[in-house]
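Below is one structure; the comments refer to it alone.
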Amino acid sequence: MASNEQPNSVHHHSSLQKKIKLKQERRQHNVSFVMMILLTIVAFAAIASDAISNSVAILFIIVLAGVQVFFQLYIWMHLGHKGHEFPMWGIASGLLIALITVGTLVGLIW
Amino acid sequence: MSNAHAANKSVLWDWLTTVDHKKIGILYLVSGGFFFLVGGLEAVLIRIQLMNPEMTFLTGNLYNQVLTMHGTTMIFLAAMPIIFGFMNAVVPLQIGARDVAFPFVNSLGFWLFFFGGVLLNLSWFLGGAPDAGWTAYAPLSTTSTGHGVDFYVLGLQIAGAGTLMGGINFLVTIINMRAPGMTFMRMPLFTWTAFVTSGLILFAFPALTIGFFLLMFDRVFEANFFDANMGGNAIIWEHIFWIFGHPEVYILILPAFGIISEVVATFSRKRLFGYSAMVFATVLIGFLGFMVWAHHMFTVGLGPVANSIFAVATMAIAIPTGVKIFNWVFTMWGGKIRFTTANLFSVGFIPTFVMGGVTGVMLAAAPADYQYHDSYFVVAHFHYVIVGGLILGLFSGLYYWYPRMFGLMLNEALGKWNFWTFFIGFHLTFFPQHFLGLMGMPRRYFTYPEEFGLGSLNFISTIGAVFMTVGTIIFIINVVVTHAKGKKVSGDPWDGRTLEWAIPNPTPHYNFLQTPLVRGLDALWIEKMAGNKKMTPAEPVGDIHMPNNSILPLIMSLGFFIAGFGFIYYSSAGAPALIAIIVGLGIGLACMFLRSWIDDHGHHLHKEDLLKEDKGVDA
């Protein structure tokens, strides 16, 4: 890679910054990838073993699922980056409508 | 790759493989129009049966089938596709784009709808159509014998998948592909309504998809979601259906609002009154549309608290709708009004829709609804908003955008005959039905005894249906006459205000040689007022990137069509049906694989050819 480096110091500086950012991102990806596998194993174990009761296990895996969604959206689909305002709006309004609808439906039936 | 490559293939092949939004728009319009005629024929059969007391023209189960297919065809196979036809034909032009965001998906959406519609209608020839009403309430639908309801579930599931794709496509198109300067608050109102409608499709159709899956599992695989004896709950189907079904009626009416807004402004030579209020009202209607579904279920026994909440939410929708009505009237106020056929339909729409809205508020009052429920009053109400609202809007849009879509002007004299026969026929058909409902005539019944005294109003209603039929036939004659000897018109025959009229006729398949620069609401009108003959371009003339045609969407849809047959006959035919399922899904998956595997980067139209072509158009 050394051959690609430019003598221009400003350019050099910005490309270095980019490199550092890329490296950070790669680390995030690696960590989240391992974490997601681990979380999946933990979720499976929680259901497979008889050590904890079913109702606790269900709550537990719902929480784990929430964490997984966060990883998926923010680390892998870059929701935190700039230019993702519309997807954010879409997800938020979708969640709002789904929550109201499902909440009301459940309230009406049970 | 150049144009010459495409020109070698036959015309039929070109239409089957097209990914051009303008051609897909025409495909939607033609097939939606065909299903509109089928649904209309079913309506006429219903009216003949109800013309006199104790008729035996169409009785019992056959009446149920015709009634069910009338509703289902009109909503899913006529109204929705014609709306998508307009969205395809107009939205990319109005926002200054060269195509939709996903042209391949656009084509796939159309073919899924088409094969879904064909599958549903094949039921007529294969042992009987669905007979459980367009709402397919359980347990009537789960216990209906024969395969009719299976055709309903699978046909609409396939068509619905196409609709969902179309909705997502237009959301992405409107968000991402607007021309420079076209901010959200400069978008023409039809584009706004298409945007909100697409959002409603995105949120509402998944509920229907799930509902259909549950119903399919109950019928085909002997599940018990809606079987109370097995711990299921039939009311859940009603909830799921109307969680979809109520947003659906706003999916239908909002684009009509958009069309009316364009037409009224153009033919009043005035900017739309209260543009920002119109946008806000559109969004608000879309949002509130999700909060009112239980008003279809007041008599289910939800209890007074739930009924009151849904009643109030429903009445709240009258407010943004009223804002729209007033804004249309104020747009016309002081305007230089031209009563072209398009504008006649729009002006006819306004009072008609108000009447449908008023009965809507009456029905929203939960205690009163106990009286109206399942009577002809409800039938009158929803035909006033769907036919008197949506269909008048669609006719208006047809007359307005026909020069844009086909390069020809529909005959105005025939157009006026079309309007008056259809409009008078409409009121003659449905106005008496209010009173029939109040007199106690229940909906969905195939006859009534003479001594109930319902005969004369029903007879008037049937005469009205004849007038509407005449109006529709005049329209068909108009189309034939126009294409036989209609004269070609310029790109801007109405002295239009929005970007779609800034294009020469016929529309080049890349739409805009140069992407236009938008400097405000009614972009073309602003340039006209500034004394410019053309839109100011936002870019120099350059190579244009266009998508390639593909046959895959058609084959993929055909695969799901075959699989649909398999699922329909799975419970009675066994092994052969299973083979159909495997083969059909295999074709679908193979097409998906091919689409993912083969890189298709589209092609470029070269600057030199474009300039030559452009000169040819001008000369």
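Bear in mind that the values in this text are calculations on the coordinates, not laboratory data. Because the structure is a prediction, the values reported are computed rather than measured. Heads up, the Cβs are rebuilt from the backbone with ideal geometry, glycines too, and the neighbour counts pull from every protein chain shown.
Taking amide H positions as placed 1.01 Å from N in the peptide plane, with prolines and chain starts having none, which residues 5 or more places from B:His603, or on another chain, fall under 5 Å of its amide H?
B:Met546, B:Asn548
For segment B:490-506, take each phi angle, set θ = phi - 60°, evaluate the Karplus expression 6.51 cos²θ - 1.76 cosθ + 1.60, and give the result in whole Hz per residue in order, putting x for glycine and proline.
6, x, 9, x, 9, 6, x, 10, 10, 4, 5, 8, 8, 9, x, 10, x
Would you mind pulling out the separation of the Cα centroids of segment B:352-382 and segment B:562-608, in Å?
Each part reduced to its Cα centre gives a spacing of 44 Å.
Let's test the formula: R0 of 22 Å, r as the Cβ-Cβ distance of B:Gln371 and B:Glu451. What FRET efficiency results, to the nearest 0.05?
Efficiency, rounded to the nearest 0.05: 0.50.
Note the angle between two axes, namely the Cα long axis of helix A:54-70 and the longest principal axis of the Cα atoms of chain A, as a number of degrees from 0 to 90, rounded to the nearest 10.
30 degrees
Given just the C-alpha atoms of segment A:2-77, how large is their convex hull per residue in cubic angstrom?
95 Å³
Return the FRET efficiency for the residue pair B:Val470, B:Thr59: r is the Cβ-Cβ distance, R0 is 30 Å, and the value is rounded to the nearest 0.05.
0.65
Could you sort out which of B:Lys23/B:Lys612; B:Lys488/B:Lys528; A:Lys82/B:Lys23 sit more than 28 Å apart by Cα distance in this structure? Walk me through the intermediate numbers first.
Numbers: B:Lys23/B:Lys612 23 Å; B:Lys488/B:Lys528 23 Å; A:Lys82/B:Lys23 36 Å.
Long pairs (Cα-Cα over 28 Å): A:Lys82/B:Lys23.
With 20 Å bins from zero, work out the P(r) of chain B over every alpha carbon pair and list the percent per bin.
19, 54, 25, 2
Report the calculated FRET efficiency for A:Glu25 and A:Leu95 (r = Cβ-Cβ distance, R0 = 30 Å), to the nearest 0.05.
Details: r = 27 Å, r/R0 = 0.89.
FRET efficiency, A:Glu25 to A:Leu95: 0.65.
Hey, got the dipole for segment A:2-77? About the Cα centre, +1 on K and R Cβ, -1 on D and E Cβ, debye to the nearest 20?
380 debye
Taking amide hydrogens as modeled 1.01 Å from N in the peptide plane, which residues meet the under 5 Å criterion relative to B:Ser375, leaving out close sequence neighbours?
B:Arg443
Just want to confirm a number: the relative contact order over segment A:2-77, from Cα pairs under 8 angstrom separated by 6+ residues, in percent.
Relative CO of segment A:2-77 lands at 31 percent.
Under the rule of at least 5 residues apart or a separate chain, name every residue whose amide H is placed under 5 Å from the amide H of B:Ala538.
When sequence neighbours closer than 5 places are left aside, the close amide H contacts are B:Thr515, B:Leu517.
In whole Hz, what ³J(HN,Hα) sequence does segment A:74-91 give by Karplus (6.51, -1.76, 1.60; θ = phi - 60°), x for Gly and Pro?
8, 7, 8, 9, 6, 5, x, 5, 5, x, 10, 5, 5, x, 4, 4, x, 5
Considering only DSSP states other than H, G, I, E and B, which chymotrypsin sites (Phe, Trp or Tyr not before Pro) in segment B:493-573 qualify as loop sites with at most 16 other Cβ atoms within 10 Å?
B:Tyr510
For chain B, what is the relative contact order in percent, using Cα pairs closer than 8 Å and at least 6 residues apart in sequence?
Normalised by residue count, the contact order of chain B is 17 percent.
Roughly how big is chain B's charge dipole about its Cα centre, with Cβ charges of +1 (Lys, Arg) and -1 (Asp, Glu), in debye to the nearest 20?
The calculated dipole for chain B is roughly 1800 debye.
Which whole-Hz couplings ³J(HN,Hα) result when phi for each residue of segment B:223-230 is put into the Karplus expression 6.51 cos²θ - 1.76 cosθ + 1.60, θ = phi - 60°, listed in order with x for Gly and Pro?
7, 9, 4, 10, 9, 4, 5, 9
Mind checking which helices in chain B clear 30 Å along their axis (Cα) and have mean Kyte-Doolittle hydropathy of 0.5 or more, DSSP H runs only?
Helices meeting the criterion: B:21-49, B:148-176, B:189-220, B:234-268, B:304-332, B:341-364, B:412-438, B:455-485, B:552-573, B:575-597.
How would you rank B:43-56, B:341-354, highest first, on the average number of other Cβ atoms within 10 Å across their residues?
Details: B:43-56: 17.4, B:341-354: 22.7.
Order by mean packing, descending: B:341-354, B:43-56.
So which lysines can B:Lys324 reach, going by Cα to Cα under 17 Å and dropping same-chain residues fewer than 8 places off?
B:Lys270
Once fully extended, how much extra length lies between B:Arg519 and B:Asn233, figured as 0.36 nm per residue of separation less the alpha-carbon to alpha-carbon distance? Kindly include the intermediate steps, with their values, before the conclusion.
Numbers: separation 286, 0.36 × 286 = 102.96 nm, distance 5.59 nm.
Here the answer is 97.4 nm.
Rg (Å, one decimal) plus Dmax (Å, integer) for the alpha carbons of the protein assembly as shown?
27.4, 101
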